[in-house]
């Protein structure tokens, strides 16, 4: 915090001057008619931090996806509006085209016979079978394996670490994924799973080359000493030519790409962890796109030279303030509602988040099915109602209320958020909030052990569907249910929603389930995150979606071109 | 002398063992493990990860396994750098950190010593005041502030230098200056003080009264003896600089050991933390040993028998 404060008192004075010296540029990042590639087709972007792994089966972090997406294409993908489109699959499987069986348990995916690997060899169904079985390899410990436990035999193989090699081999064989022929893949599920197609569009089941894994072992996705990636063969628009760990990645076009070939001739990812440095690098033309350091959004918007370079887009991310509902005083629903009414979200976005983001009053964000703008308005900011509810909760004017505390990670804008909450509760309810800062891993441990009282929580879409948003977070005892929330009515609806094959009915079920959650307020819904980046005017056609990885616009780098 | 070195070396092994043990205990006492995330992993996945990295074993066994590995030169695999070998990670980061540190050390000596000597020889002159001003300013500005100031000036305003990164000589300039500034200031101050002290000693007066030429007095009698305190701090300073600065490496996006170690701590990457600590402890102990040996070479009163 101290560092960035110093930086900005200096920088705010100097930036304008620098732009005067360099000559300001004007223009927009999205392509308009008349834009066409010219000049060197290269782009340099900031990955923000080094990855753990770029093995698609094992990856889980957004910066890992940012690398993998350039090199691999899956069976299906999301388009810029986040609708499913076929990639290596010839068409999207449906009941009508016999891609999905009537009982919803068998998926038959036909492959596009044009699809090839970057070395020119054909992609076959076997490449997908290999990858999908490898996800469940007990020794690999793939972090997203549990997402695919609905595939027959997957969980059994994943849990077989203590079994003998023969038993393991039998379990692996029993996994319900097989190649009917070179261009037909069959997947069997334990139960119908309406969102299974979305799972087929995610990175853990991208195709993987068995021969490369055999040749290089688990190092197939690792660079050689000179930074080259001999084993990392993909089927996407780019090839990862060089990876110098902790320093940079270089991508070049895949000359054998079977889809529309990209225009960019080189993508470079550098790794600048410090937001201030990335911003300075952007101003020095070392980066073609960069975020701005937290807290400087408003000065950026007011800057006549920088404001035309701003790109903003809604993200499928909701932040809330989750209560531990298993412990007093937050086991009191009316008290939670009172607090929800006492927090001025618009002021928070304006004062703490530099005006970036939108007020959230419910959990599912705009841009997703089941987003409901009218939901949660009962608990919008309303100090009068907050006081009434506080008194109904048994604490008139805060009398008799035990000590309440807020736990937060002592980094980024969190301390400012904490101070803001403290001020809001004091002003609007007259109650004192105790602030308890933690290191971020410490906080995660505290929250996961349900030893916290009240904490910040954010959720981003793995895929744009309510079933990724509700049961895991609000289902009784669910993995990401940190609040301890338990509502039998919700659980009943969730059980139905997860299996319902009729999409209209299914979305209605989830909408009803969300209503229960909003009324119970196990967390105060605060805001939906928004992308806010600066982009050089010569970068064209770089579309930001709600599901980008670490870099805004990274899902569609294949469409980007430079006009210099 | 050799017995002294050998004895110190054996002590070093004991020190390293204790350092590892303490680190291991502290590391596991700190709340939050490598798989604690905001977005929780499935319990079965956590189980599989623990098994993969041997974290399902009792702590004492994890420690003995680790020490066993270290004795065979195996520092384990990192959780957060795609299972790469920790030894390999540190070795790849070391040349970058060491280059930076060695250059910063050289520059700090080349600036600090002459500045201190010049100030002392012309006490209370403008040269002296300039030297004191230099040491006060650079001893009080933290490296990262200096780094940011330079970045604004040389990258954002003048566009002379790249902000950060690794690979070209231009990218070295700012981080080296940042790292060298503080030690240069300290060395200038210490050199000045010790030169002033030595200048007033009897043997210097004797040398002068013997009729020795002034430059001989200065070089042979004053300069050599005034260096003893400088050498004392040079050792830890060199260790400090060569092992790198977490903050400067992070700021300038330099893929060195310091930055890797810092990331290791943040992600609770146990083998990387242990490997990093081992490396730092070893480097500092060795540098101190070298300094002790150098004392004997400089100061005729010190002998190790």
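Readers should treat all values here as calculations from the given coordinates under stated rules, not as data from a laboratory. A quick note: this is a predicted structure, and the numbers were derived from the prediction, not measured. Cβ placement follows ideal geometry from the backbone for every residue including glycine, while neighbour counts extend to all protein chains displayed.
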Structure-based [θ]222 nm, chain A - -39500 (n - 2.57) summed over DSSP H runs of at least 4, per residue, nearest 500: -8500 deg cm²/dmol
Label-to-label distance, nm, for residues given as residue A:388 and residue B:216 (7 Å Cα→Cβ offset): 10.1 nm
By average C-beta atoms within 10 angstrom, highest first, the peptides A:339-345, A:394-400, B:188-194, B:227-233: A:339-345, B:188-194, B:227-233, A:394-400
Prolate/oblate/rounded label for the stretch A:345-434 (Cα gyration tensor, a/c 1.5): oblate
In range of the label at residue B:125: residues from the stretch B:192-224 whose backbone nitrogen is under 19 Å from the point 7 Å along Cα→Cβ: B:192-200, B:213-224
Where only C-alpha atoms are counted, convex hull volume of the stretch A:121-191 per residue in Å³: 96 Å³
Cα principal axis extents for the stretch A:442-564, largest first, Å: 59, 42, 21
Cβ-derived FRET efficiency at R0 51 Å, residue B:153 paired with residue A:351, nearest 0.05: 0.95
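Mind checking the full-extension length gain between residue A:139 and residue A:419? Use 0.36 nm per residue of separation minus the Cα-Cα distance, one decimal, nm.
Working it through step by step, the gained length comes to 96.3 nm.
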Three-way shape label, the stretch B:233-277, alpha-carbon gyration tensor, a/c 1.5: oblate
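I need the peptides B:247-257, B:285-295 ranked by packing, meaning the mean over residues of other C-beta atoms within 10 angstrom, with the highest value on top. Please list the in-between numbers first.
Values: B:247-257: 25.3, B:285-295: 16.7.
Taking the mean over residues of other Cβ atoms within 10 Å, the ranking is B:247-257, B:285-295.
Of A:229, B:174, how do they rank once you tally other Cβ atoms within 10 Å and put the fewest first? Mind dumping the intermediate values first?
Values: A:229 21, B:174 25.
Least to most surrounded, the residues fall as A:229, B:174.
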Mean separation of Cα contacts under 8 Å (6+ apart) over length of chain A, as relative contact order %: 21 percent
Per-residue mean of C-beta atoms belonging to partner chains within 10 Å, peptide B:157-165: 6
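How long are the semi-axes of the ellipsoid equivalent to the stretch A:22-180, from square roots of 5 times the Cα gyration tensor eigenvalues, in whole Å, largest first? It would help to have the intermediate numbers written out before the result.
Numbers: eigenvalues 270, 99, 42 Å².
Values for the stretch A:22-180, descending: 37, 22, 14 Å.
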Förster-model FRET efficiency, 30 Å R0, residue A:166 and residue A:218, C-beta, rounded to 0.05: 0.85
Alpha carbon centroid spacing (whole Å) that separates the stretch A:481-518 from the stretch B:39-67: 35 Å
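Could you calculate the contour length gain from residue B:296 to residue B:60, that is, 0.36 nm times the residue separation minus the distance between their Cα atoms, to one decimal place in nm?
Answer, rounded to one decimal: 80.7 nm.
Can you give the FRET efficiency to the nearest 0.05 for residue B:4 and residue B:224, using r as the Cβ-Cβ distance and R₀ = 25 Å?
Efficiency for this residue pair is about 0.65.
Please compute the volume of the convex hull spanned by the alpha-carbon atoms of the stretch A:220-334 and report it per residue in Å³. Before the final figure, lay out the partial values.
Numbers: hull volume 28.7 nm³, N = 115.
Normalising the Cα hull of the stretch A:220-334 by residue number yields 250 Å³.
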Gain on full stretching of the segment that runs from residue A:313 to residue A:225 - 0.36 nm per residue minus C-alpha separation: 27.7 nm
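Which shape class, rounded, prolate or oblate, goes with the protein assembly as shown when its Cα gyration tensor gives a ≥ b ≥ c as root eigenvalues, a/c under 1.5 marks rounded, and past that a/b bigger than b/c marks prolate? The partial results should precede the final answer.
Details: a/c = 1.77, a/b = 1.57, b/c = 1.13.
The shape class here is prolate.
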Residue A:256 versus residue A:476: modelled label distance in nm, points set 7 Å from Cα along the beta carbon direction: 5.4 nm
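Based only on Cα atoms, what Rg/Rh ratio does chain B have, Rh being taken as Kirkwood's radius? Before the final figure, lay out the partial values.
Details: Rg = 23.9 Å, Rh = 22.3 Å.
Across chain B, the Cα-based Rg/Rh ratio is 1.07.
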Residues listed by number, the stretch A:250-282, amide nitrogen under 16 Å from residue A:91 label point at 7 Å toward C-beta: none
Other protein chain Cβ atoms within 10 Å, averaged over every residue that makes up A:47-60: 3
Within 10 Å of each Cβ in A:268-280, the average number of Cβ atoms from other chains: 5
Rough spin-label spacing in nm, given labels placed 7 Å along Cα→Cβ, for residue A:301 and residue A:173: 6.3 nm
Where Rh is the Kirkwood radius over Cα pairs, Rg/Rh for the stretch B:257-297: 1.23
